[in-house]
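All of the numbers you see were taken from the coordinates with simple rules; none came from a lab. Keep in mind the model is a prediction, meaning the values are calculated, not measured. Don't worry about glycine lacking a Cβ; one is built from the backbone with ideal geometry, like all the others, and counts go over all protein chains shown.
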């Protein structure tokens, strides 16, 4: 980044980064393949349900006398809600992993029941051990697919010529998987006690429970923002798992308003258009348009984030070099 002597370089533009990301994906359209295939699999592939487990758990919970108190909502309505949720829940949606993962339009808790080709096959996973085993296997598979997806998108976005071959791909992907597992562990250690306390508070005082949930949401955003770009350092600079986290913390620390605005814009573009993509009925071919549109937009937003991350860190480097030069010049005078 070249600038006039004595002047600090201008910060990277948000719109320019987003535009560059969309152009990169448009010029390398094959990069949307993985999210496209994932949604097609979740649409036409078999369903892995836990309906018997959920309905059995609900029936068992009815034996608790506390749930039969007149002040509680109608139990029949609750049972209908549980059945509706269990019918649409597809355990295969775990293939859509976070923070590294292939994006998915259909990877939520309301998987389609019908397709243009009819009703897909459905298999029920009955026991807790089976559910845990399937969930763990699918999560690990999703992480590896997502790590490869990030590797592909980052290379396209930053126009990187990687020459390391399969070894480099596996090393980089392994670091991304380890980092994701680290965040899962943090979420489990921190989140489990918090959610248990929230559930207890919600039971004792629903009003205070809602306030606590709102406060926890803001706290979660405040925690996530500084580490949002932690996977990017692994792919952009081949950093270690924790080295990439430190780079993300440093970057957001010096560019918090701009980086926060970029994350908000990326979220609004991606999730806002998802409402449009899910408009067609699930049993018509029009949904295919939404699946393709989602794959393109979500991949373009991801590519934009890599471009923004690279530009901001180059800008910070140039700024620090300018400030260091000024300090040395001042000391010499």
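Worth pointing out:
- Using R0 = 41 Å, the C-beta based FRET efficiency linking residue 44 and residue 205 works out to 0.30.
- A convex hull fitted to the Cα coordinates of segment 148-224 yields 105 cubic angstrom per residue.
- Top of 92, 268, 140 by mean-square fluctuation, Gaussian network on the chain, Cα under 10 Å: 268
- Taking the C-alpha atoms only, the angle from helix 75-88 to the longest principal axis of the chain is near 50 degrees.
- Neighbour counts of other Cβ atoms within 10 Å put 34, 288 in the fewest-to-most order 288, 34.
- Alpha-carbon centroid distance for the pair segment 12-52 / segment 258-333, whole angstrom: 15 Å
- Taking the longest Cα principal axis of the chain as reference, the axis of helix 256-277 is set at about 40 degrees.
- Distance between the modelled labels on residue 186 and residue 119, one decimal in nanometres: 4.5 nm (7 Å Cα→Cβ projection).
- Inter-label distance, nm, simple model (7 Å from Cα along the C-beta direction), residue 214/residue 264: 1.8 nm
- Note: relative contact order over segment 91-181, using C-alpha pairs below 8 Å and six or more positions apart, is 38 percent.
- For the chain, built as a Gaussian network whose Cα springs stay under 10 Å, the top-fluctuating residue of 291, 213, 15: 213
- Ratio of Rg to Rh for segment 218-305: 1.10 [Cα atoms; Kirkwood radius as inverse mean 1/r over pairs].
- Among 175, 253, 49, residue whose mean-square fluctuation peaks in a GNM of the chain (springs only between Cα atoms under 10 Å): 253
- The chain, relative contact order [Cα under 8 Å, separation at least 6], %: 29 percent
- Comparing segment 246-297 with the 2.2 N^0.38 Å rule of thumb, its C-alpha radius of gyration ratio is 1.63 (two decimals).
- Inter-label distance, nm, simple model (7 Å from Cα along the C-beta direction), residue 254/residue 55: 5.9 nm
- Mean residue ellipticity, 222 nm, helices only, the chain: the sum of -39500 (n - 2.57) across DSSP H runs of n ≥ 4, divided by residue count and rounded to 500, is -24500 deg cm²/dmol.
- Degrees, to the nearest 10: 286-332 long Cα axis against longest axis of the chain: 40 degrees
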